[in-house]
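The values are calculated or read from the model by the stated rules, or taken from the named source; none is laboratory data. Since the structure is predicted, the reported quantities are computational estimates derived from the model, not experimental observations. Here the Cβ positions follow ideal geometry from the backbone for every residue, glycine too, while neighbour counts run over all protein chains shown. What goes into the accessible areas is simple: the full protein's heavy atoms, side chains included, and nothing from ligands, DNA or RNA. Shrake-Rupley method; radii C 1.70, N 1.55, O 1.52, S 1.80 Å.
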Amino acid sequence: MPDPTSMTTAHHDRLRAAGVEASSLDRATWTLVTDAMPDWWHDGGNALYLGDRAWLPDHVMASLALIPVRDVLIVVGGPMEWLSSLLVGGDSATVFLDRSCVLTAGELYCGADSRIVLHGPLVATRSAVVDARNGGSIVAESDQLWAAGVYLATDDMHRLEDRRTGERINPFGAHIRLGRHVWLGRDVVVTGHVEIGEGSVVGMRSLVRGQKVPPFTVSVGTPARVVREDATWSHGDVP
């Protein structure tokens with residue numbers, strides 16, 4: 001008989017549809033958490049899977065039991081001892097944290113029908129905020145470096161509208177995607193529909209809002225603009 005604590009095909013397919021790479025799923029053994037959540041969590045079809053040696057801090061586990069939700073899927077690939085918070089704000093939220101994701105004092109929020117997918121390795125040095133809501137998504141490919149104070153949010157959390165037409169004029173349910181090997185400098189803000197290309201650098205205190213940042217470029221400013229093309233970066237601080 002199949003192991004009832006192993007990942008179901010339906011959950012595997014849902015993660016793939018959310019943007020999780022097949023290699024990140026296939027290289028780990030996923031175990032369903034059955035004894036640390038309240039009855040309503042299981043009765044509502046929610047699922048929390050942990051990979052090999054993965055765990056969440058007690059206060060994070062407790063926060064997941066604060067708001068009754070249904071059909072939530074959370075998958076954690078490695079130890080998340082430095083994570084400050086992981087809040088789910090509605091039904092059918094999907095969160096995937098790969099192994100080798102380090103979010104020191106990081107805060108994650110995922111709203112109803114929204115998705116957060118962070119591939120490893122990812123290092124967020126201090127106080128990163130990752131906020132997906134209103135059916136939006138934030139997907140980061142592997143090899144991310146985020147300096148302190150990085151803020152990624154699909155939406156502004158409040159409606160801004162044209163007084164004459166009533167039309168909403170700020171993002172709602174936006175999608176953010178960071179390509180492989182991206183470096184975000186200190187206090188960078190990424191919001192709205194955004195694509196940041198592979199190998200790119202976004203400089204300190206820049207704002208990327210509703211933009212496509214080309215691969216292998218350096219962008220700075222508010223709003224960010226490309227100041228250097230055909231560039232990339234390395235983790236080592238060498239001449």
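Considering only A93, A153, A54, give the residue with the highest GNM mean-square fluctuation for the chain, with springs between Cα atoms whenever their separation is below 10 Å.
In the Gaussian network model the winner is A54.
Rounded, prolate or oblate for segment 1-132? Axes are the square roots of the Cα gyration tensor eigenvalues, ordered a ≥ b ≥ c, and the cut-off for rounded is a/c under 1.5.
It is rounded, given that a/c, with a ≥ b ≥ c, falls under 1.5.
Could you work out how far the C-alpha centroid of segment 161-196 sits from that of segment 199-239, in angstrom?
That distance is 16 Å.
Would you mind telling me which residue in A105, A36, A18 has the biggest mean-square fluctuation in a Gaussian network model of the chain, where springs connect alpha carbons within a distance under 10 angstrom?
Result for the chain, Cα springs under 10 Å: A36 fluctuates most.
Can you pull the one-decimal nm distance between simple spin-label points at V226 and D3, each 7 Å off the Cα toward Cβ?
4.7
With label points built 7 Å along Cα→Cβ from the Cα atoms of R16 and S234, find their separation and express it in nm.
Reported label-point gap for R16 and S234 is 3.7 nm.
Would you please give the FRET efficiency between N134 and S23, computed as 1/(1 + (r/R0)^6) with r the Cβ-Cβ distance and R0 = 25 Å, to the nearest 0.05?
The pair N134/S23 has a calculated efficiency of 0.25.
With the crude spin-label approximation of a point 7 Å out along Cα→Cβ, what separation in nm comes out for N170 versus T31?
The two pseudo-label positions are separated by 4.4 nm.
Considering only protein heavy atoms and a 1.4 Å probe, what is the carbon-and-sulfur percentage of the accessible area of the chain?
The C+S portion of the solvent-accessible surface of the chain is 53 percent.
Roughly how many debye, to the nearest 20, is the charge dipole of the chain about its Cα centre, given +1 on each Lys and Arg Cβ, -1 on each Asp and Glu Cβ, and no other charges?
So the magnitude is around 760 debye.
At a threshold of 8 angstrom on Cα-Cα distance, excluding pairs fewer than six apart, so keeping six or more, what relative contact order does segment 12-81 reach in percent?
33
Counting heavy atoms of the protein chains only and a 1.4 Å probe, report the per residue accessible area for the chain as a whole number of Å².
49
Taking the chain as the reference, fit the longest principal axis to its C-alpha atoms, fit the long axis of helix 9-18 to the helix C-alpha atoms, and give the angle between the two in degrees, 0 to 90, nearest 10.
Helix 9-18 sits at roughly 10 degrees to that axis.
Just the number, please: percent antiparallel of the DSSP beta bridges in the chain, rounded to the nearest 5.
Taking every DSSP beta bridge with both residues in the chain, the antiparallel ones total about 10 percent.
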